[in-house]
Amino acid sequence: MGWTYCEHWRTPEEAIAETLDPGAWGESAPAEIHWVRTSKTTAEVYAIMADKQHPEDRSRRWILVGILERAEPAEIYQSACWGIKIMDEAVGPVYTNVPLYYLSKVDPPPVGYGAAWRERVRADQRSGKQRRCERFPIPGREVPSLYE
């Protein structure tokens, strides 16, 4: 679970678009993407990933969580750029701004970190701690979601 930085990612939108390009995921592809800018130098992205051959099969979907951060110019990078760290809900990320309805679009994880993460998402929603995410267009797809 490492970070990926790319010098030509000048904005978090560029990092998300390239990282979640449907052609980059093999058997899976994003069915829906939302994101929230949490500060000038950080952001979060959430996606429902679906099996390309069976996009309506809920048992073949999973929730992707990504965190983004801005890297300042250094010896490695000539100018500021963005990096992204991708994980799935099974690792129990601390980020809980995912749209609540995502939880109803994928089968629930039976136990473990993913189940606990979903409970934190629901609790944060009830307590008003969640930030509102915005829909992010899926790269190369005119229809922004499978669920519209």
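Derivation of every value follows stated rules applied to the coordinates shown; laboratory data play no part. The structure presented is a predicted model; accordingly, all values stated were derived computationally and were not measured. Cβ: placed from backbone, ideal geometry, glycine included. Neighbour counts: every protein chain shown.
Summary of computed values
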item	result
Net +/- balance of residues flanking TRP3 in space, Cβ distance below 13 Å, scoring K and R +1, D and E -1	+1
Amide hydrogen neighbours beyond the local backbone of ALA31, cut-off 5 Å, H modeled	ILE48, MET49, ALA50
The chain, dipole about Cα centre (Lys/Arg Cβ +1, Asp/Glu Cβ -1), debye to the nearest 20	660 debye
Sorted by Cβ density within 10 Å, fewest first, the residues MET87, MET49	MET87, MET49
In degrees, nearest ten, helix 113-127 long axis to first principal axis of the chain (Cα)	90 degrees
Sequence-separation-based contact order of the chain, relative, with Cα cut under 8 Å and 6+ spacing, percent	28 percent
Fewest-first sequence of TYR46, TYR102 by Cβ atoms within 10 Å of each Cβ	TYR102, TYR46
All aspartates and glutamates inside 16 Å of LYS52 as judged from Cα atoms, apart from same-chain residues fewer than 8 positions distant	ASP21, GLU27, GLU32
Options (1) 15.3, 46; (2) 14.0, 44; (3) 16.1, 52 - which one matches Rg and Dmax of the Cα atoms in Å as calculated here	(1)
Long-range HN-HN contacts of THR96 with modeled amide H, under 5 Å	none
Of LEU68, LEU103, LEU20, the one that fluctuates the most in a GNM where the chain has Cα springs shorter than 10 Å	LEU103
